[in-house]
Amino acid sequence: MQNEAPARSGGFPYPFLAAVATVVAVSLAHYLTDPVHTTLHVVYQRLYYIPLLVGAGFYGLRGGLALAIITSILYLPHIVLHWGHEPLYRANQMAELVMFLVVGTLAGLLIDRVRNEREKHRRTAEELARAYEQLQATFERLRLLDRLSSLGALSVGMAHEIRNPLGAISGAVEILEESTPAGDQRREFVEILSKEIDRLSTIVGRQLDLARSTPHELSPCDLESVVRSVLALTAKQMDQQGIVANCRVQPGVGPVQADEQRIRQAVLNLVLNAIQAMEQGGVLEVHVGDEGEQAWIEV
């Protein structure tokens, strides 16, 4: 156990063996000292308490009680053999044996209680340290969210500021496009400018859509109808880039509860991203299906 770790050196109970050796030495002193030297025997009795307290201090209740029992076993024959002729003194020595057991038990219980309290405080300190670390991490996340919120508000403001002059530029480009003949070399640059303005308008529109916090309006939504309407909306752009759309719908896919406008916007964003990535043309695969209670759209 952890609370016994200080009592061991290399896994061997040296303090316990030292305490037992002390008890044996004191017992030998008792047996080798003439009974007439009562003062010395009283001193030896008091010396027994030192190994008792050492055992309790290192090993708690088990150590204190074990040393008390060993002391009583070693001291009891001395009482019977040397003090049998004095009943009063013998009774006093028997009471001393009981005191060994009481002191060893109480000291061991007290040490165990102190160690348990110390272990409890240690665990509490560790939990507080972990809680503090979690609090610090949460605080950092809140700071990051606050910065992201500020950046979001700034980007929305910039989008609004960009949108107004962008509309004026778009109108001017339309006038230039109408006034430029089809065979004119400048027509190509006007068309490129028009496409880039449309792309900027799309980016600004997406930014503003993300900033809106409108609640979801859930209603039955036909995913196949949404996908086909998006493909119809982007058909002209796909034709211009040589892209062929292939829509596959898994049989049995029914309406789902969803915000149709948000689903449509998400699918449109995916399709537009795919179109922009397919500069050399190709086949745009759109799949609609479901798995259990969940439906999915794959572009």
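What follows is calculated from the coordinates using simple rules that are stated; it is not laboratory data. Just so it is clear, the model here is predicted, and its values are computed rather than measured. Here Cβ is always computed from backbone atoms with ideal geometry, including for glycine, and neighbour counts include all displayed protein chains.
Could you work out the relative contact order of region 146-209? I mean the mean sequence separation of Cα pairs under 8 Å and 6+ apart, divided by the number of residues, in percent.
That works out to 46 percent.
Provide, as a two-decimal number, the C-alpha radius of gyration of the chain over 2.2 N^0.38 Å, N being how many residues it has.
Output field value: 2.37.
Restrict the search to region 250-299; then list the GluC sites (Glu not before Pro) that DSSP places in a loop and that have at most 13 other Cβ atoms within 10 Å of their Cβ.
Those satisfying the criteria are 279, 293.
Tell me the relative contact order for region 38-94 as a rounded percent, counting alpha carbon contacts under 8 Å between residues six or more apart.
That works out to 19 percent.
How big is D, in µm² s⁻¹, for region 217-298 by Stokes-Einstein at 20 °C and 1.002 mPa s if Rh is the Kirkwood radius over C-alpha pairs?
Rounded to a whole number, D works out at 163 µm²/s.
Quick check for me: using +1 on Lys/Arg Cβ and -1 on Asp/Glu Cβ, what's the dipole size of region 217-298 about its Cα centre, in debye to the nearest 20?
320 debye
Helix 14-32 versus the longest principal axis of the chain: what angle, 0 to 90°, nearest 10, using Cα atoms?
Helix 14-32 sits roughly 10 degrees off the main axis of the chain.
Rounded to the nearest 20 Debye, what is the dipole magnitude of region 52-128 about its Cα centre when Lys and Arg each give +1 and Asp and Glu each give -1 at the C-beta?
160 debye
Where does each of 165-173, 109-117 land if you order them by average Cβ count within 10 Å, highest first?
109-117, 165-173
With a cut-off of 8 Å between alpha carbons and a minimum separation of six or more residues, what is the relative contact order of the chain in percent?
RCO, the chain: 11 percent.
Where does helix 223-233 land angle-wise versus the long Cα axis of the chain, in degrees 0 to 90, nearest 10?
40 degrees
Once the Cα atoms of helix 186-211 and of the chain are each reduced to a long axis, what angle between those two axes, in degrees from 0 to 90 to the nearest 10, is obtained?
In the chain, helix 186-211 runs at an angle near 40 degrees to the longest axis.
Among 37, 30, which comes first, second and so on when ranked by fewest other beta-carbon atoms within 10 Å?
If I rank by nearby Cβ atoms, fewest first, I get 37, 30.
Could you give each residue of region 170-181 its phi-based ³J(HN,Hα) in whole Hz, using Karplus coefficients 6.51, -1.76, 1.60 with θ = phi - 60°, and x for Gly or Pro?
4, x, 5, 5, 4, 5, 4, 5, 5, 8, 9, x
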